[in-house]
1. Just to make sure I understand: if all protein chains stay in place, what is the order of His200, His92 by accessible area at 1.4 Å, largest first?
2. Give me the accessible area of Lys7, 1.4 Å probe, in Å² rounded to the nearest 10.
3. Sorting check: for 98-111, 120-133, 145-158, which peptide has the highest mean count of neighbouring beta carbons within 10 Å, and how do the rest follow?
4. Considering only Cα-Cα distances, which of the following residue pairs are longer than 30 Å: Lys43/Lys243; Lys33/Lys241; Lys120/Lys268; Lys211/Lys270; Lys90/Lys120; Lys181/Lys270?
5. Starting from the 7 Å offset along Cα-to-Cβ, what nm value, one decimal, do you get for the label separation of Lys241 and Asp138?
6. Roughly how much of Ser213 is accessible, in Å² to the nearest 10, using a 1.4 Å probe?
7. If each residue of separation counts as 0.36 nm, what is the full-extension length gain between Glu28 and Asn97 once their alpha-carbon separation is subtracted?
8. So how much slack lies between Val269 and Arg286, counting 0.36 nm per residue of separation and subtracting their Cα-Cα distance, in nm?
Amino acid sequence: QILFEIKTSEAGRPQYQKINSDKEDIPEAYLGKNEVNQAGGYKSVRVVWEKITKMKDLKFPAGNGNHNCTVEDFFRILNLEPSQVKPNEKQHYQAANYVLAQIELFESMCYGRSYNCIFKLQTMFPYTMTMGLIANEDLPDCVRNVFAKLMHRLWVDRYPHAPNCGRPQLPDLAWVASDLKMRGIEENGALPCFDLGDYHPLRLETDEFLKMSTHTKFFLLRDFVNGYLKDMGGSQGIGNKDKNELTTSILLMASDLMSFGFFATKGKVKDFLGPLINVLDGRGDRIVKKEIKERSESDTSMTSNTSTNPLHAMEIEGGDEENQVTAADTSSSSPGGSKRQEKIQSFVDVHKARMA
């Protein structure tokens, strides 16, 4: 018996429906269109523990004495370190971690297209609800990351989606030169795309997920991925573990979306690759000072082995001016700091010249 349930309520949350695409780029058909439009956005989600009858005292401050609360209030406590949790919040903190581990278990159960698990869990975590949880910026990154992995295994990596759009690979496929013809990159079908075909048996299905044959099927998810990468502004926070794990999960999901044929036009590929390249550039990455302090106390080799120290080449992120540490500060305190700075600047100049 599942003690904690995650359910949608009738209240809409329009702020979570953040469409990044231009209006003319929004397709006519995609998963979740009717549900999102009717609710005015992704529906509000609540965590319910009404089935816990033997633990009458399980009432968290977030629940206001009830056996349910919003998903934001339930998981917000995970933003705290264990040492910051107050005595009256420990039960809440343990329950939030328990539910998070439970969802991680569900995701693992779906790995490798385990359809017995997928068919059961898809009723518990509908596509639009899971999509709304991933896009919910009020949730901790560790929670969004778990739901992103669940989305990947439960809705993306499954039948009828196939790697390379289901096309055979060499040497199984032979091309006849006389049958080949040149086509423009803008033409429909010029790039591999998801398409069931006119006579596929799934077209007779009543399930919207199975019968939808267009490559715009995952528009909400694809639009979120593009917006997420753009919002990163070409910069990652070194030491921000939860955020970086969320980014990794999103990129792994985007990789399958690309392979399955859901980035099927030149415009879609450009919209995705532009922000992605900026994020992977690395020159705008930041390092959190707290993480540096922990490392310097536990690993003295960072100060002795300066040739591999990433602090000399990256900006360090802090809360205010007093907490800001620059790359020059970290290098000038050790011997040979000026020479390292010259090498770094030379390296940057060379790459700028290549980019130009």
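1. Working: His200 50, His92 10 Å².
Listed by decreasing accessible area, they come as His200, His92.
2. The accessible area comes out at roughly 90 Å².
3. 145-158, 120-133, 98-111
4. Table pairs above 30 Å Cα-Cα are Lys33/Lys241; Lys120/Lys268; Lys90/Lys120.
5. About 2.7 nm separates the two model spin labels.
6. In the full protein context, Ser213 sits at about 20 Å².
7. That works out to 20.9 nm of additional length.
8. Extending this stretch completely gives an extra 3.4 nm.
The values are calculated or read from the model by the stated rules, or taken from the named source; none is laboratory data. Computed from a prediction, not measured in an experiment: that's the story for all the values here. Counting neighbours? That spans all protein chains shown, and the Cβs are built from the backbone with ideal geometry, glycine included. Note: areas computed on protein heavy atoms with side chains; ligands, DNA, RNA excluded. Shrake-Rupley method; radii C 1.70, N 1.55, O 1.52, S 1.80 Å.
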